[in-house]
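The values are calculated or read from the model by the stated rules, or taken from the named source; none is laboratory data. Computed from a predicted structure; not experimentally measured. Cβ sites come from the backbone with ideal geometry, for glycine too, and all protein chains shown count toward neighbours. Areas reflect the complete protein model, heavy atoms only, side chains present, ligands, DNA and RNA absent. Shrake-Rupley method; radii C 1.70, N 1.55, O 1.52, S 1.80 Å.
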Amino acid sequence: MLTVEMLSTGDEVLHGQIVDTNAAWLADFLFERGLPLTRRNTVGDALDSLITILQERSTEADVVIVNGGLGPTSDDLSALAAARAAGVELELQASWLEHMTRFFESRGRVMAPSNRKQAMIPAGSEMLDNPVGTACGFALRLNRCTFFFTPGVPSEFKVMVEKEILPRIQQRFELPAPPVCLRLTTFGRSESDLAQSLNHLDLPEGVVMGYRSSMPIIELKLTGPASKRAEMEALWPEVRQVAGESLIFEGTVGLAAQLADRLRERDLRLVVSEQFTGGMLTLELNQAGTPLESSQVLAARTETLPEIAARARALSEGADDALALALVVGAQQEETLLFAIHSEAGSRAIRVQLSLGHHRLPVRQAVASMIAQNMLRRLLNGDDITQGHGWVRVIERFAL
């Protein structure tokens, strides 16, 4: 099997001063294409350490994607380390130097002399285009391994992996068929509860049931080789059945995006009013392309269920679009939170127990946003919006 590894560089990554989002993205990107990472390493901005790990991995891996260390400053050492590991000198790429000069001129700036370093790559290596930034990448063969060197800026890294690196890997190696991964996402069930309910499944050889917890959701993933697709699809209805009412969406398109599609299909618009979530709900819906009539973020106020239900109705009826729904997140009152939704069927409001004091505020707001989206999902499904929230306990209900 082709062995593909990632090497992240930089003291800020090694010491946890920044989160290595590039590593998580790359692992998922390659997995979906049948190239699961076999190893991830991180090394700081130390030349000897970089040379050592490049030489070590060159005898073990088929492909290593090296991320970071191609900038213009003295602690950007990846190109020099690669040249030293291969026993060659750095060479100036005149075409890239001209490209960088034009890059800065087009922005009304003069290129600093230190940027010249970004056009220096090891002799005999293959330059990789960077259509986003100033640092070119390069590919270098050392012993049995092909190394691909990329800048650490996520926007630059991702486009280079997609446009420059993956096509070269596909051209140079015989790749396996991408694995099958069936996914669904739940809300309101614990990971242990779901796992206990699915332990009885008789999984085919090479097929794995995985769980990914990211508060407030749990993703279930049935993953296996392409040859097992039919057997996996035969098991999938049972996984759906176990998820039951907690299943909020399938696949990789999130709930907000699916709600946006369904509202557009019905030619419906949405009015949103938030207190506790502080704009998070609107942001998630807006990024998904939800047809919003309007939104507002209000200061915390104490309301009763009848009052928040009446406010939802007033927001809907006051909208320019007669087909607008209204979704309201109230303020936190001790350990409870109020929600309301209005449609042509009337107004519904609930008070839920939100005992999440040990979690940071953004996590609690994410839970509240998911409750609101789940209410809207259930409304569009024709289900009772006061039910189906799992461990989020509804302690009071009101209908207007």
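Residues in segment 333-380 that are open to solvent by less than 10 Å² (accessible area, probe 1.4 Å), under 18 Å from Thr302 (Cα atoms) and part of a helix (DSSP H, G or I): how many?
Residues meeting the conditions: 1.
From the list Phe157, Phe187, exactly one residue is more than 30 Å from Arg364 (Cα to Cα) and either of a type in the set (A, V, I, L, M, F, W, C) or at pLDDT 95 or above (or both). Which is it?
On the way: Phe187 fails: more than 30 Å from Arg364 (Cα to Cα).
Among Phe157, Phe187, only Phe157 is more than 30 Å from Arg364 (Cα to Cα) and either of a type in the set (A, V, I, L, M, F, W, C) or at pLDDT 95 or above (or both).
When both residues are 6+ apart or on different chains and their Cβ atoms are under 9 Å apart, which pairs have a first residue that lies in segment 217-243 and is over 23 Å from Asp193 (Cα atoms), and a second that is of a type in the set (Phe, Trp, Tyr)?
Nothing qualifies.
Taking the residues in segment 322-336 that are of a type in the set (A, V, I, L, M) and touching a residue at least 12 places away in the same chain (Cβ under 8 Å) as candidates, determine which candidate is farthest from Arg262 (Cα to Cα). Give the steps one after another, and end with the answer.
Looking only at segment 322-336, we keep the residues that are of a type in the set (A, V, I, L, M), and these are 322-329, 331.
Now restrict to residues that are touching a residue at least 12 places away in the same chain (Cβ under 8 Å): 323-329, 331.
On the way: Leu323: 14, Ala324: 13, Leu325: 13, Ala326: 15, Leu327: 15, Val328: 19, Val329: 21, Ala331: 28 Å.
Only one residue fits best here, namely Ala331.
Any residue in segment 374-400 that is farther than 17 Å from Val328 by Cα sitting within a Cβ distance under 7 Å of a residue that is open to solvent by 70 Å² or more (accessible area, probe 1.4 Å)? List the pairs, counting only those 6 or more apart or interchain.
Gly388/Glu245
Could we say that Arg393 is basic (Lys, Arg) and over 20 Å from Gly279 (Cα atoms) here?
Values: basic (Lys, Arg): yes; over 20 Å from Gly279 (Cα atoms): yes.
Spelling it out, Arg393 is indeed basic (Lys, Arg) and over 20 Å from Gly279 (Cα atoms).
Going through segment 298-318 one residue at a time, which ones are assigned to a helix (DSSP H, G or I) and polar (S, T, N, Q)? Explain how you work it out, then say what you get.
Keep residues of segment 298-318 that are assigned to a helix (DSSP H, G or I), which gives 305-317.
If the condition is that a residue be assigned to a helix (DSSP H, G or I) and polar (S, T, N, Q), then Ser316 is the only one that fits.
Could you check, for segment 384-393, whether at least one of its residues is aromatic (Phe, Trp, Tyr) and crowded, with 18+ Cβ neighbours inside 10 Å?
Keep residues of segment 384-393 that are aromatic (Phe, Trp, Tyr), which gives 391.
Next cut, crowded, with 18+ Cβ neighbours inside 10 Å only: none.
No, because not a single residue in segment 384-393 is aromatic (Phe, Trp, Tyr) and crowded, with 18+ Cβ neighbours inside 10 Å.
Go through (1) in contact with a strand residue (DSSP E or B) (Cβ under 9 Å, 6 or more places away or on another chain); (2) closer than 22 Å to Gly254 by Cβ; (3) buried (at least 20 other Cβ atoms within 10 Å of the Cβ) and name the single condition Pro291 misses.
The failed condition is (3).
Give me the pairs: first residue in segment 124-139 and touching a residue at least 40 places away in the same chain (Cβ under 8 Å) and farther than 14 Å from Leu166 by Cα, second residue open to solvent by 10 Å² or more (accessible area, probe 1.4 Å) and among the β-branched types (Val, Ile, Thr), beta-carbon distance under 9 Å, and six or more apart or on different chains, which are they?
Matching pairs, first to second residue: Ser125/Val88; Ala135/Val153.
Where in segment 1-114 are the strands (runs of 3 or more DSSP E), entirely inside, with at least 1 residues that are of a type in the set (A, V, I, L, M, F, W, C) and in contact (Cβ under 8 Å) with a residue 60 or more places away in the chain? Steps first, answer last, please.
Numbers: elements: 4-9, 37-43, 63-67, 90-92.
In segment 1-114, the matching strands (runs of 3 or more DSSP E) lie at 4-9, 63-67.
With the condition kept exactly as written, say whether any residue in segment 295-302 is touching a strand residue (DSSP E or B) at 6+ places or on another chain (Cβ under 9 Å), in contact (Cβ under 8 Å) with a residue 24 or more places away in the chain and open to solvent by less than 20 Å² (accessible area, probe 1.4 Å).
no
Rundown of residues vs (1) in contact with a His (Cβ under 9 Å, 6 or more places away or on another chain); (2) over 29 Å from His359 (Cβ atoms); (3) of a type in the set (Val, Ile, Thr); (4) in a helix (DSSP H, G or I), yes/no style:
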site: Arg229; (1), (2), (3), (4): no, yes, no, yes
site: Ala243; (1), (2), (3), (4): no, no, no, yes
site: Gln258; (1), (2), (3), (4): no, no, no, yes
site: Thr277; (1), (2), (3), (4): no, no, yes, no
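Restricting to segment 1-36, name every residue that is touching a Leu at 6+ places or on another chain (Cβ under 8 Å) and open to solvent by 40 Å² or more (accessible area, probe 1.4 Å).
Of everything in segment 1-36, those that are touching a Leu at 6+ places or on another chain (Cβ under 8 Å) and open to solvent by 40 Å² or more (accessible area, probe 1.4 Å) turn out to be Phe31, Arg33, Pro36.
Which residue is nearest to Leu140 (Cα to Cα), if the candidates are limited to segment 116-127 and must be part of a helix (DSSP H, G or I) and either open to solvent by 70 Å² or more (accessible area, probe 1.4 Å) or modelled with pLDDT under 95 (or both)?
The first filter runs over segment 116-127 and keeps only residues part of a helix (DSSP H, G or I), leaving 116-119.
Narrowing the set further to residues that are either open to solvent by 70 Å² or more (accessible area, probe 1.4 Å) or modelled with pLDDT under 95 (or both) leaves 116-117.
Numbers: Arg116: 20, Lys117: 18 Å.
It comes out as Lys117.
What tally of residues in segment 216-226 results from selecting those that are touching a Pro at 6+ places or on another chain (Cβ under 9 Å) and either modelled with pLDDT under 90 or not in a strand (DSSP E or B) (or both)? Before you say what the answer is, go through the steps one by one.
Step one: of segment 216-226, the residues touching a Pro at 6+ places or on another chain (Cβ under 9 Å) are 223-226.
If we keep only those that are either modelled with pLDDT under 90 or not in a strand (DSSP E or B) (or both) too, we end up with 225-226.
Of the residues in segment 216-226, 2 are touching a Pro at 6+ places or on another chain (Cβ under 9 Å) and either modelled with pLDDT under 90 or not in a strand (DSSP E or B) (or both).
Under 6 Å between Cβ atoms, at least 6 apart or on separate chains: pull out the pairs that start in segment 344-371 with a residue that is closer than 14 Å to Gly330 by Cα and modelled with pLDDT of 90 or more and end on any residue that is small (Gly, Ala, Ser) and part of a strand (DSSP E or B).
Once the first residue is closer than 14 Å to Gly330 by Cα and modelled with pLDDT of 90 or more and sits in segment 344-371, its partners that are small (Gly, Ala, Ser) and part of a strand (DSSP E or B) give Arg348/Ala399; Ala349/Ala340.
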